[in-house]
Amino acid sequence: MNRFRPTLPLTAAALGLILALAGCRKRPEPTPPPVAPPAHKSPAPMPTPKAPEPRRERIFFLKGDASLSPGALKKLKAWTVSWGAEGTWVLACPADTTISSGLRERRLQVLRAQLQRHGVRHIEVQSLPAEKSGRHDAVYLLK
């Protein structure tokens, strides 16, 4: 039998390969290449908080009436819960020459009182350009 006589000293990896080829031992698993450490990244910038989207809803009044319907009362309560009572609320009235200033003021007083019952403390009044007259008069609530 012919014996292999190395002329150079064998490394452990070379000896393992020779033994694996000869069937004496399992083939060695290839060693994965070294992995470079991840490059230093600066932390991702924090997202800037977005300003809350302005909210705008309408409350309708019957022609010539300043009282709120049960549905309008439920809407006001739901809006103060979902929008939050803090901050400034705006009652915006379209400039309508067919509505007397006394009726407009009574409507605003009713809305202001109801919003205050739900915890709203800062209420402003604004005037809007006139709009087409519909079946009901409207006052817009903005936040």
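If Gly102 passes every condition in (1) closer than 18 Å to Gly64 by Cα; (2) modelled with pLDDT of 95 or more; (3) surrounded by fewer than 13 Cβ atoms within 10 Å (Cβ to Cβ) but one, which one does it miss?
Unmet condition: (2).
Any chance you could count how many residues in the range 56-83 are surrounded by 13 or more Cβ atoms within 10 Å (Cβ to Cβ) and part of a loop (DSSP other than H, G, I, E, B)?
Residues in the range 56-83 being surrounded by 13 or more Cβ atoms within 10 Å (Cβ to Cβ) and part of a loop (DSSP other than H, G, I, E, B): 4 in total.
Among the residues of the range 106-132, what is the count of those that are touching a Phe, Trp or Tyr at 6+ places or on another chain (Cβ under 8 Å) and either farther than 19 Å from Ser69 by Cβ or touching a residue at least 60 places away in the same chain (Cβ under 8 Å) (or both)? Show your work before the answer.
Step one: list which residues in the range 106-132 are touching a Phe, Trp or Tyr at 6+ places or on another chain (Cβ under 8 Å), which gives 107, 115, 120, 122-124, 128.
Retained after the next criterion (residues that are either farther than 19 Å from Ser69 by Cβ or touching a residue at least 60 places away in the same chain (Cβ under 8 Å) (or both)): 120, 122-124, 128.
Matching residues across the range 106-132 total 5.
Quick one: would you say Arg135 is part of a loop (DSSP other than H, G, I, E, B) and either within 20 Å of Pro70 (Cβ to Cβ) or at pLDDT 95 or above (or both)?
Spelling it out, Arg135 is indeed part of a loop (DSSP other than H, G, I, E, B) and either within 20 Å of Pro70 (Cβ to Cβ) or at pLDDT 95 or above (or both).
The values are calculated or read from the model by the stated rules, or taken from the named source; none is laboratory data. None of these values were measured; they are calculated from a predicted model. Because the Cβ atoms are built from the backbone with ideal geometry, glycine has one as well, and the counts that use them run over all protein chains shown.
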